[in-house]
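The values are calculated or read from the model by the stated rules, or taken from the named source; none is laboratory data. Model, not experiment: these values are computed from the prediction. So basically every Cβ, Gly included, is an ideal-geometry build from the backbone, and we count neighbours across all protein chains shown.
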């Protein structure tokens, strides 16, 4: 008899028996602890988010702060502009578009490059894995300001890559071969030299770099549980490495892959520093706008709150979509 | 005197009954083995005795006192777990002294007592080791010493040998039995290994599907299995299906005689069991003789098994190494099933022990 | 062939990941006030400025340490009863509580930051370091919750039974078995929260209301004026702390397990 089949149900059984062993005093203090825990979590985790929602319906007083109200003017402003129907603007919708565009592209880029890396990492010894994890966690936890600082030095026009391009003659070579014009078309060059700031490429690369360690960490559990004998079995049946990857590895990590992409997407929606440093002001995001309105020059807290709500709703919508996608999949069970 | 008694103990998970109205008395100072296949409820029963689970119904008494609802930490029962459950963050001595330490015993006294217990299980000099540095056998000794530290009224062991390799297991069975006899402590061992049960136990309780099939001394259980299940589970048995006919049993074309006429109605379906070592080969003058063809010979050294095709069906006969030396594969030999070696059980309906059971 | 390709890919990835960090670190050696790469007039003077002589930075560093240590301690203290209850009962209410406690970490930090800004404005805590500590404790509650839960799940239930048969009540078992066996996981959770709090600035930006600054927030606030080599010193210090902390977790805890690796394989 294995202990498990006999004892599977026991924790709850013993828990049910426990009251007999405790005095009513112990029961009451346990209850008090529960109440305190619930109150703490509700007050500190949920009330701030609830306030954002409530204030998004508030009204800004010109030249002062704001007041409680139940108005949709902030949402109206977001979707069609403050002076609608006289005139309409898609400025804020455009910002949301850029939020999503950066987030989607950067998340996909990170996941696509992190997947083979993570797979190779999990095939290494446990000690080597631990070293990699320390390295990845250290970069992952590193503040966005430092990472942007590093990329800024690499990409800025008077140091780093553009200078390196000019000094090594790469710029001239690009001009000779005609690639320079292609780069100009992509917005990666000014008349004299290549430039990466501001550009969408630099923004996406930095954002992708920012979440890349997250992608590895999130894919790590699924890939490390992948039974190596599966791939070996496929190999013995004559499958080539690429066929193995396509028919064995990819299908078995499909769900974590989708989940990871979604989480990175949600994370990237809130990116701020990388956008302000690397993106053209015409291509700024909702997150940047939230700063401007809540703490920046324009000071319109209710509108900032409304934008936060829309950001949150967008994130939730994508997560729900992901849930729906994974539930629809036949392999979900 | 009866130390521990279970009365109509039941454990139900939803509709399923893991333990179904079990009543057992555990005599003072004896070692009782709860024996049965996986999932028969023996571990659940042991956990209820330990106080780790509460029975759905029934009562457990210790020396006449009802302890059914007494939690585990208030019973003074020592228990050895299947995985030994030694605490990896404590040393060997701290593990053994755990019960005394948490009871507030002075440190010097705990250490002295732990060292004495380690002597008892022959682990002198291991007191300061970490659990991870011990072999399987050493871990088991630590687990035993730890369970004995609080001088338990009842000593419980849940599959204590299953984590050991076969050779070590047999040694530990003897050692544990000697230790138990020396301490004279009421002991209950849960096991699925009949050899283990027969080696150690004063008394064996055979369980199946949450019920007690039979309880008795190892010899009683082996010689007089109360049910077909026990006959099959304890040792080996050849089973034959037949019909009662005028106090005899018809199996196929053969009419088998019994030592005394069986109490079955004519035509009642019955099951016959016969131990392989009871079958005699090469003697044609005895009762219940048929001819069989040898289909396989399994030489185990001290004994040999002959697999035979007979009019009674396929049978296995066990012979000593010096018997039947000239028999070989393909030979047709007479074999006899001595009437006194035949055990008979009703078939098809709920078994109730017949006149041939224990006593 | 394939193996070589894999090795090349991994080294390349490591190089790209390390590159901006190495560049920032080397920029800390710049002699002038501007970030150059490679550094000009290499000097260690910026380290002195950051750790000793510049009050802006020393004050920010002190604030960072206070907030990070306070927040990590608080989040571990809050996470323990939630995780313990979840493990002990597995009830729906305790699952719900743990989920709610993880929400702040899951929403975009800017949204939670805006919310906390409003929240502390109402409570009158806006701009106090206490508000900063509590805000980070709540934000990073999910981390010790997860590590402690993993640690609790790693406890063999037979150990609890064994303790009970030896006379241990629930509270004694907790003290003598559960706590010691989950200590590495508790410490890991503490360190995860500590390091992330150290590096976080978005929520802190809204909560501090410009009346105090942590190191990363100070850098964020002076972003418009450009980077200075002293900020790069901060980066060096923070990377050193991260590597030290995670190495410690890897050394004394089981990092692959914490990250969700399969236990049955090595």
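Here residue C:28 meets each of (1) surrounded by 14 or more Cβ atoms within 10 Å (Cβ to Cβ); (2) closer than 30 Å to residue A:208 by Cα; (3) away from every other protein chain (no Cβ under 11 Å) with one exception, condition (3). Just to be sure, is residue B:51 surrounded by fewer than 20 Cβ atoms within 10 Å (Cβ to Cβ), on the phi > 0 side of the Ramachandran plot and either out of contact with any helix residue (DSSP H, G or I) (no Cβ under 7 Å at 6 or more places or on another chain) or at the interface with another protein chain (Cβ under 8 Å from one of its Cβ atoms) (or both)? For residue B:51, the condition - surrounded by fewer than 20 Cβ atoms within 10 Å (Cβ to Cβ), on the phi > 0 side of the Ramachandran plot and either out of contact with any helix residue (DSSP H, G or I) (no Cβ under 7 Å at 6 or more places or on another chain) or at the interface with another protein chain (Cβ under 8 Å from one of its Cβ atoms) (or both) - is not met. For the residues B:316, B:290, the requirement of being touching a strand residue (DSSP E or B) at 6+ places or on another chain (Cβ under 7 Å), surrounded by 19 or more Cβ atoms within 10 Å (Cβ to Cβ), in a strand (DSSP E or B) and touching a residue at least 24 places away in the same chain (Cβ under 8 Å) singles out B:290. Within the option set B:110, B:96, being crowded, with 18+ Cβ neighbours inside 10 Å, under 21 Å from residue B:163 (Cα atoms) and more than 25 Å from the chain's Cα centre (by Cα) holds for one residue only, B:96. Across the stretch C:1-22, the qualifying residues are those that are more than 23 Å from the chain's Cα centre (by Cα) and facing another protein chain (nearest Cβ under 7 Å), and the one among them that is surrounded by the fewest Cβ atoms within 10 Å (Cβ to Cβ) is C:2. Restricting the search to helices (runs of 4 or more DSSP H) fully inside the stretch B:121-223 and requiring at least 2 residues that are buried (at least 20 other Cβ atoms within 10 Å of the Cβ) and touching a helix residue (DSSP H, G or I) at 6+ places or on another chain (Cβ under 8 Å) gives B:136-148, B:166-183, B:194-200.
How many residues are modelled with pLDDT of 85 or more and surrounded by fewer than 24 Cβ atoms within 10 Å (Cβ to Cβ) when one looks only at the stretch C:211-229? Give the steps one after another, and end with the answer.
First pass over the stretch C:211-229, keeping only residues modelled with pLDDT of 85 or more: C:211-221.
Now narrow it down to the ones that are surrounded by fewer than 24 Cβ atoms within 10 Å (Cβ to Cβ): C:211-213, C:218, C:220-221.
Number satisfying all stated conditions: 6.
Does residue A:296 count as modelled with pLDDT under 80 and under 30 Å from residue C:222 (Cβ atoms)? Yes: the conditions hold for residue A:296. Hey, any hits in the stretch A:147-157 for a residue that's more than 9 Å from chain C (Cβ to nearest Cβ), in a helix (DSSP H, G or I) and crowded, with 19+ Cβ neighbours inside 10 Å? There is at least one residue in the stretch A:147-157 that is more than 9 Å from chain C (Cβ to nearest Cβ), in a helix (DSSP H, G or I) and crowded, with 19+ Cβ neighbours inside 10 Å. Only a single item in (1) modelled with pLDDT of 95 or more; (2) under 29 Å from residue B:145 (Cβ atoms) is not met by residue C:178, and it is number (1).
Of the residues A:289, A:282, which single one is surrounded by 18 or more Cβ atoms within 10 Å (Cβ to Cβ) and under 18 Å from residue A:101 (Cβ atoms)? Can you show your working first?
Values: A:282 fails: surrounded by 18 or more Cβ atoms within 10 Å (Cβ to Cβ).
Every option except A:289 fails the conditions.
Taking the conditions exactly as written (farther than 16 Å from residue B:183 by Cα and more than 10 Å from chain C (Cβ to nearest Cβ)), does residue B:153 satisfy them or not?
On the way: farther than 16 Å from residue B:183 by Cα: no; more than 10 Å from chain C (Cβ to nearest Cβ): yes.
The answer is no for residue B:153.
What do you reckon, is residue A:160 crowded, with 21+ Cβ neighbours inside 10 Å, more than 30 Å from residue C:191 (Cβ to Cβ), within 12 Å of chain C (Cβ to nearest Cβ) and touching a helix residue (DSSP H, G or I) at 6+ places or on another chain (Cβ under 6 Å)? For residue A:160, the condition - crowded, with 21+ Cβ neighbours inside 10 Å, more than 30 Å from residue C:191 (Cβ to Cβ), within 12 Å of chain C (Cβ to nearest Cβ) and touching a helix residue (DSSP H, G or I) at 6+ places or on another chain (Cβ under 6 Å) - is met.
How many residues are at negative phi and outside any helix (DSSP H, G or I) if we restrict to the stretch A:259-318? If you could, list the steps in order and put the result at the bottom.
From the stretch A:259-318, those at negative phi are A:259-298, A:300-318; that's our starting set.
Filter again for outside any helix (DSSP H, G or I), leaving A:270-272, A:279-280, A:284-285, A:295-298, A:300.
The qualifying residues number 12.
With A:214, A:220 as the choices, which residue is in a helix (DSSP H, G or I), farther than 21 Å from residue A:101 by Cβ, in contact with a helix residue (DSSP H, G or I) (Cβ under 8 Å, 6 or more places away or on another chain) and in contact (Cβ under 8 Å) with a residue 60 or more places away in the chain? Going through A:214, A:220 in turn, just one is in a helix (DSSP H, G or I), farther than 21 Å from residue A:101 by Cβ, in contact with a helix residue (DSSP H, G or I) (Cβ under 8 Å, 6 or more places away or on another chain) and in contact (Cβ under 8 Å) with a residue 60 or more places away in the chain: A:220.
With respect to residue A:75, determine if the residue is outside any loop (DSSP other than H, G, I, E, B) and surrounded by fewer than 15 Cβ atoms within 10 Å (Cβ to Cβ).
Numbers: outside any loop (DSSP other than H, G, I, E, B): yes; surrounded by fewer than 15 Cβ atoms within 10 Å (Cβ to Cβ): no.
So residue A:75 fails the test.
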